[in-house]
Amino acid sequence: MATSVKSSSLIERLPAVRGELVENALMGPLTWFRVGGPADVLFRPADFEDLSAFLAGTPEDIPVTIVGVGSNLLVRDGGIRGVVIRLGKAFMQVEALDGHRVRAGTAALDVAVARAAQEAGIAGLEFYRGIPGSIGGALRMNGGAYESETKDVLIEVVAYDRQGKRHVLSLADLHYTYRHSGAPEDMIFVEALFQGHPGDRKEILDRMNAITARREETQPIRTRTGGSTFKNPEGYKSWQLIDAAGCRGLRCGGAQVSELHCNFLINTGEATAADIEDLGEDVRARVKAQSGVTLEWEIKRIGERA
């Protein structure tokens with residue numbers, strides 16, 4: 001377990017910024033599960049240059065963690081040591097370009113990218129309507145839904161390394177596999193360029209509306225959840241394995257396996273992060289015992305247990 005650093009001493013070691021630095025920042029309200037302990041320091045950069053200067057001026061021994069809108073994230077109850085970076089308004093721009101391309105900041109919601117493409121008559125990006133979260137998360141985990149994924153439409157990504165240096169990474173540089181990117185963990189994605197193809201605005205909108213309707217019918221999207229909990233093992237659907245293991249509706253404290261879609265864990269109101277993680281591990285153990293298949297977490301778990 002890492003040694004806890006008092007944020008008052010930590011913040012004194014950080015460079016001056018034009019954005020916002022918050023000590024002992026509550027992380028629960030920033031995640032869709034609404035659980036988790038505080039970050040020692042939360043940094044919201046003013047713009048690209050502010051982020052770059054901060055990274056360049058932050059001592060190497062201080063841990064730096066990047067988070068998005070918290071849709072696919074479980075922050076443990078003990079909180080996060082070091083600095084958590086959350087990108088804001090300056091990183092939310094979405095622009096349709098010539099050549100049926102879309103440029104988006106990584107704090108932009110996936111649905112905002114789908115909508116911008118639709119309004120410009122650009123097809124191929126409507127699957128982002130079915131992914132909760134922001135573009136940064138989709139880039140990091142090769143996010144996908146409805147038979148499409150990020151690697152199918154991505155051209156390149158702009159990122160900053162831990163020293164604040166700007167990089168432009170091609171699709172090949174990201175070494176994508178199923179729900180995984182091979183990009184270095186310390187790379188912070190700030191902007192992406194996508195390639196679509198010509199399409200009819202109404203037909204694209206119809207496909208997006210169909211995705212919305214399907215999600216509402218089959219997923220507990222109006223609950224405190226983190227989206228799909230486990231990756232689909234090759235040749236299987238996680239929800240089917242979980243259901244076959246008798247886990248639908250299973251509880252641990254305030255956490256529950258969704259009755260509607262059992263690859264979703266939900267916070268029924270009073271769950272801790274430990275409840276959710278322990279429930280997920282219980283599900284994994286039951287599935288392993290019943291089917292012999294080991295489920296891998298899709299939800300990213302960060303921080304320390306209480």
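Structure summary
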item	result
Qualifying residue in region 247-269 (condition: touching a strand residue (DSSP E or B) at 6+ places or on another chain (Cβ under 6 Å), modelled with pLDDT under 95 and surrounded by fewer than 21 Cβ atoms within 10 Å (Cβ to Cβ))	no
Filter result for the condition that a residue is touching a Phe, Trp or Tyr at 6+ places or on another chain (Cβ under 9 Å) and among the hydrophobic types (A, V, I, L, M, F, W, C), over Val190, Val168	Val190
Selection status of Val102, touching a residue at least 12 places away in the same chain (Cβ under 8 Å), outside any helix (DSSP H, G or I) and either in the same structural domain as Phe194 (by TED's automatic domain parsing) or touching a Lys or Arg at 6+ places or on another chain (Cβ under 7 Å) (or both)	yes
Pairs with Cβ under 8 Å, 6+ apart, first in region 255-275 and free of Cβ contacts under 8 Å to residues at least 24 places away in the same chain, second of a type in the set (Phe, Trp, Tyr) and not in a strand (DSSP E or B)	Cys262/Trp239
Test result for Ile188, in contact with a helix residue (DSSP H, G or I) (Cβ under 8 Å, 6 or more places away or on another chain) and either in the same structural domain as Thr65 (by TED's automatic domain parsing) or more than 27 Å from Phe264 (Cα to Cα) (or both)	yes
Search result, residues across region 146-179 that are closer than 24 Å to Glu126 by Cβ and among the basic types (Lys, Arg)	Lys151, Arg179
Number of the exception - Glu95 against (1) assigned to a helix (DSSP H, G or I); (2) without any contact (Cβ under 8 Å) to a residue 60 or more places away in the chain	(1)
Some residue of region 60-83 being assigned by TED's automatic domain parsing to the domain that holds Leu26, in contact with a Phe, Trp or Tyr (Cβ under 6 Å, 6 or more places away or on another chain), farther than 26 Å from Leu265 by Cα and crowded, with 20+ Cβ neighbours inside 10 Å	yes
Test set (1) closer than 25 Å to Leu174 by Cβ; (2) in contact with a Ser or Thr (Cβ under 8 Å, 6 or more places away or on another chain) - Leu260 fails condition number	(1)
Hits in region 180-210 (condition: under 21 Å from the mean Cα position of the chain (by Cα) and surrounded by fewer than 19 Cβ atoms within 10 Å (Cβ to Cβ))	His180, Gly182, Ala183, Pro184, Glu185, Asp186, Leu193
Those residues of region 231-267 which are more than 23 Å from the chain's Cα centre (by Cα) and assigned to a strand (DSSP E or B), in sequence order	Arg251, Cys252
Matching entry among Tyr146, Tyr176, Tyr160 (being among the aromatic types (Phe, Trp, Tyr) and within 16 Å of the chain's Cα centre (by Cα))	Tyr176
Enumeration of residues in region 191-238 that are in contact with a Ser or Thr (Cβ under 9 Å, 6 or more places away or on another chain) and under 29 Å from Val158 (Cβ atoms)	Glu191, Ala192, Phe194, Gly226, Gly227, Ser228, Lys231
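The values are calculated or read from the model by the stated rules, or taken from the named source; none is laboratory data. The structure displayed is predicted, hence computed values, not measured ones. Every residue, glycine among them, receives a Cβ derived from its backbone with ideal geometry; neighbour counts consider all protein chains shown.
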